[in-house]
1. Residues in the range 57-74: is at least one more than 15 Å from the chain's Cα centre (by Cα), basic (K, R) and over 19 Å from A107 (Cβ atoms)?
2. How many residues does the range 80-93 contain that are out of contact with any helix residue (DSSP H, G or I) (no Cβ under 9 Å at 6 or more places or on another chain) and assigned to a helix (DSSP H, G or I)?
3. Taking the options R59, R87, name whichever one is touching a Phe, Trp or Tyr at 6+ places or on another chain (Cβ under 9 Å), of a type outside the set (D, E) and surrounded by 11 or more Cβ atoms within 10 Å (Cβ to Cβ).
4. Of all residues in the range 55-79, how many are closer than 18 Å to L126 by Cα, in a helix (DSSP H, G or I) and either modelled with pLDDT under 90 or not hydroxyl-bearing (S, T, Y) (or both)?
5. Under 6 Å between Cβ atoms, at least 6 apart or on separate chains: pull out the pairs that start in the range 22-44 with a residue that is in contact (Cβ under 8 Å) with a residue 12 or more places away in the chain and part of a helix (DSSP H, G or I) and end on any residue that is polar (S, T, N, Q) and surrounded by 12 or more Cβ atoms within 10 Å (Cβ to Cβ).
6. If we keep just the residues of the range 1-54 that are of a type in the set (S, T, Y) and at pLDDT 90 or above, which is nearest to A75 (Cα to Cα)?
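The values are calculated or read from the model by the stated rules, or taken from the named source; none is laboratory data. Note that this is a predicted model, so its numbers are computed, not measured. Using ideal geometry, Cβ is built from the backbone for each residue, glycine included, and neighbour counts are taken over all protein chains shown.
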Amino acid sequence: MATPQRPVFLNLFKIRLPLPGVVSFAHRVSGALMFFGIPFVLYLFDLSLSGPEGFAQARSWAGSLWLTPVIVLLAWSLCYHLLAGIRYLLMDLDLGIDRKASYLSAAWVAGLALLLSLWLLLEIYL
């Protein structure tokens, strides 16, 4: 009985995940981004509720060039995590667990998260 050949090293850049695997990984990343963004969002929310001056300061911060990418990333992570979470809840109910349906639902999650986050950002900044 021969032992199977094992790889000496694992190059993660050469592994090509299928779309459901990418959606799963991005779901974890979006959850971590939301977790680490909570203190920032709470501070900005507290500042905006402190009075008219605080609201003006929070609004100017939200419109600044250095903070806009952070808000965009947090909006995407919120939308993505919500939609991917719904997808996983449906998969827990044995809906969409075959290969084709899983790929299709992963594509829908990725596309709808982009559209929903764009809509949310337009509502925030316009």
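1. yes
2. Total satisfying the criteria: 2.
3. Of R59, R87, the one residue that is touching a Phe, Trp or Tyr at 6+ places or on another chain (Cβ under 9 Å), of a type outside the set (D, E) and surrounded by 11 or more Cβ atoms within 10 Å (Cβ to Cβ) is R87.
4. Going through the range 55-79 one residue at a time, the tally reaches 16.
5. Sorted first by the residue in the range 22-44, then by its partner, the pairs are S30/S77; L33/S77; M34/S77.
6. Top of the filtered list is S30.
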